[in-house]
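**Student:** Quick one: the structure is below, and I'll ask about it shortly.
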Amino acid sequence: MSDSRTARNEPSLEAAIASDGARSRQTDVPAISDDTRLAVEIRGLVAAGDMALARDRFAGIVSAHQRRAVRIAYQYLRDAAEADEAVQDAFVKAFLHISSYREAWPFEVWFTRILINGCLDRHKARARRERWFVPSEEASGLDQARYAAVIAPDQNPEARLLARERRTRLAKAIGHLDGRQRLVFTLCHYGDRTPREVSAITGLNESTVRVHLFRAARKLRGLLGGTS
């Protein structure tokens with residue numbers, strides 16, 4: 001499963017914060033999506049034992065969700081290589097457990113829950129490893145450059161530098177959020193999820209998700225020098 005190389009530009013710092021109000025007003029449950037239909041088809045193929053065709057169909061799901069999944073994983077792990085591994089592991093786990101998928105929620109919601117759980121496990125494991133060493137600043141810079149090349153491969157070097165500076169500022173600010181605020185903000189603004197879908201992914205009440213999203217946006221505005 002290879003990285004998707006056609007990606008839209010990273011959302012700007014201002015857009016990431018300003019979109020909170022509009023996103024929090026989205027309450028309608030969307031009609032069944034194409035990838036949900038495809039996941040149901042794959043589930044049927046697996047049940048029928050047609051694994052070759054099931055894997056072929058699943059490649060379409062990977063292509064559709066690869067870029068968004070990388071954005072989410074990177075916000076948790078801050079390491080491009082580890083984010084790639086987390087995404088690939090999540091896709092493998094989703095395929096292996098496709099028989100347990102139920103279309104009450106979109107496939108992407110189900111998959112994102114798998115991805116987030118995997119990232120949290122990796123984050124805990126890395127925290128244990130990092131008791132013994134501290135990653136170098138040079139390595140961190142290389143990770144950010146690799147991430148930028150995947151997310152926005154068509155940007156010129158100057159644009160990438162400016163985008164990297166914005167990401168660095170926003171990432172530093174997000175790091176000051178508490179656990180649930182960070183989770184909700186990441187899923188909404190990097191995973192393009194609505195509060196209702198975040199509720200399904202996290203198990204939090206939808207109203208609680210909205211409160212965390214509002215507080216996260218307000219805190220970020222303060223940290224980034226905006227008005228609350």
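**Student:** Out of everything in the range 97-113 that is of a type in the set (Ser, Thr, Tyr) and surrounded by 17 or more Cβ atoms within 10 Å (Cβ to Cβ), what residue ends up being farthest from the chain's Cα centre (by Cα)?
**Tutor:** To start, the set of residues in the range 97-113 that are of a type in the set (Ser, Thr, Tyr) comprises 99-101, 112.
From what is left, the residues that are surrounded by 17 or more Cβ atoms within 10 Å (Cβ to Cβ) are 101, 112.
Numbers: 101: 20, 112: 7 Å.
Checked the range 97-113; the qualifying residue farthest from the chain's Cα centre (by Cα) is 101.
Residue-wise test of (1) among the hydrophobic types (A, V, I, L, M, F, W, C); (2) outside any helix (DSSP H, G or I); (3) at pLDDT 75 or above.
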residue	(1), (2), (3)
183	yes, no, yes
186	no, no, yes
197	no, no, yes
204	yes, yes, yes
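**Student:** Under 8 Å between Cβ atoms, which residue pairs at least 6 apart in sequence (or on different chains) link something in the range 177-205 that is within 20 Å of residue 222 (Cβ to Cβ) with a partner that is acidic (Asp, Glu) and at pLDDT below 85?
**Tutor:** Sorted first by the residue in the range 177-205, then by its partner, the pairs are 188/20; 189/20.
The values are calculated or read from the model by the stated rules, or taken from the named source; none is laboratory data. What you see is a predicted model, and the numbers here were worked out from it, not measured in a lab. So basically every Cβ, Gly included, is an ideal-geometry build from the backbone, and we count neighbours across all protein chains shown.
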